[in-house]
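Some notes on the structure that comes next.
The values are calculated or read from the model by the stated rules, or taken from the named source; none is laboratory data. Computed from a predicted model, the values in this text were never measured in an experiment. So basically every Cβ, Gly included, is an ideal-geometry build from the backbone, and we count neighbours across all protein chains shown.
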Amino acid sequence: MKINALIVDDEYNCRNNLEILLTDFCSNVNIVGQAESAEEARIMLETHQPNLVFLDIAMPEEDGFSFLRSLEKRDFAVIFTTAHNEYALKAFKEHAIDYLEKPINIDELITAVTKVETLIKNSESQDESLNAIIQKALKLNSSAKISIPTRDGYVIVDETEIVHLEASDNYTMIFLTAGRKHLSSKNIKVYEENLDHFRFFRTHKSHIINMKDHLREFSRSNGNVALLTDGKTVPISRRKLSDFIGRINTF
């Protein structure tokens, strides 16, 4: 099946480079047009009715987020493309299917397009709008489950239940909601690699916090610490501070 895609980016080279990658590596994608601004994109949406939009975020007159919010109806999938990784959390709050950092990685591009293809096929087979299918998929994936290996076996929890993680030698103490906690036999590096990067952030060599669900406050006066919903305070290292503040600004 063919996916009709529109590329929206204020930079000419970025638009052309993405079109070349799609032509060379995603033969199921048909480029219906390129727009250099949100205003031009609105016209092309009416004219071409794409089911996929590759959307740059940081455009000068109107950014990608404002553009999406201005639309009365959205029946197309969105893959954000940007050179600014601090927009990641905000991008997924706007119900994007994926988020690609420039320069675009070919494997990540193919994976993102495959996700869209699956959603379009589901939309056609279930006779529902693409937007409805996207909302269902995002809701389904909004709270992944993980297994925590313990001395007695495994504990299965939603990621949303995890407040923070703290390294304890080669083990990890995982603090959950309602005062629960479990000592995992995996080290904290394993969790950093496998937890949702848009939900969790490693603030320090010994700490990972759930920013999306459990960050309550950030305090500079107390030595750069994060106050969490369980009342705990977690340090933010000097090296991580800039990225941490960038994440906060996407909320």
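Tabulated values for the structure
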| read-out | value |
| --- | --- |
| Test for THR177: is it more than 24 Å from LYS205 (Cβ to Cβ) and at pLDDT 95 or above | yes |
| Residue tally, condition at negative phi and surrounded by fewer than 13 Cβ atoms within 10 Å (Cβ to Cβ), over the stretch 168-180 | 1 |
| Residues satisfying the stated conditions in the stretch 83-118, i.e. hydrophobic (A, V, I, L, M, F, W, C), at pLDDT 75 or above and within 17 Å of the chain's Cα centre (by Cα) | ALA83, ALA96, ILE97, LEU100, ILE104, LEU109, ILE110, ALA112, VAL113, VAL116 |
| Residue ID - modelled with the lowest pLDDT, chosen from residues in the stretch 209-245 that are among the aliphatic types (A, V, I, L, M) and outside any strand (DSSP E or B) | ILE245 |
| Members of the stretch 1-60 that are closer than 18 Å to LYS102 by Cβ, among the charged types (D, E, K, R) and not in a helix (DSSP H, G or I) | ASP9, ASP10, GLU11, GLU36, ASP56 |
| Residue in the stretch 147-155 that is in contact (Cβ under 8 Å) with a residue 40 or more places away in the chain and either more than 28 Å from ALA96 (Cα to Cα) or not assigned by TED's automatic domain parsing to the domain that holds ASP98 (or both) present | no |
| Residue check for SER221: crowded, with 20+ Cβ neighbours inside 10 Å and out of contact with any Lys or Arg (no Cβ under 9 Å at 6 or more places or on another chain) | no |
| Within the stretch 181-198, considering residues that are closer than 29 Å to GLU101 by Cα, free of Cβ contacts under 8 Å to residues at least 60 places away in the same chain and in contact with a helix residue (DSSP H, G or I) (Cβ under 9 Å, 6 or more places away or on another chain), the one surrounded by the fewest Cβ atoms within 10 Å (Cβ to Cβ) | ASP196 |
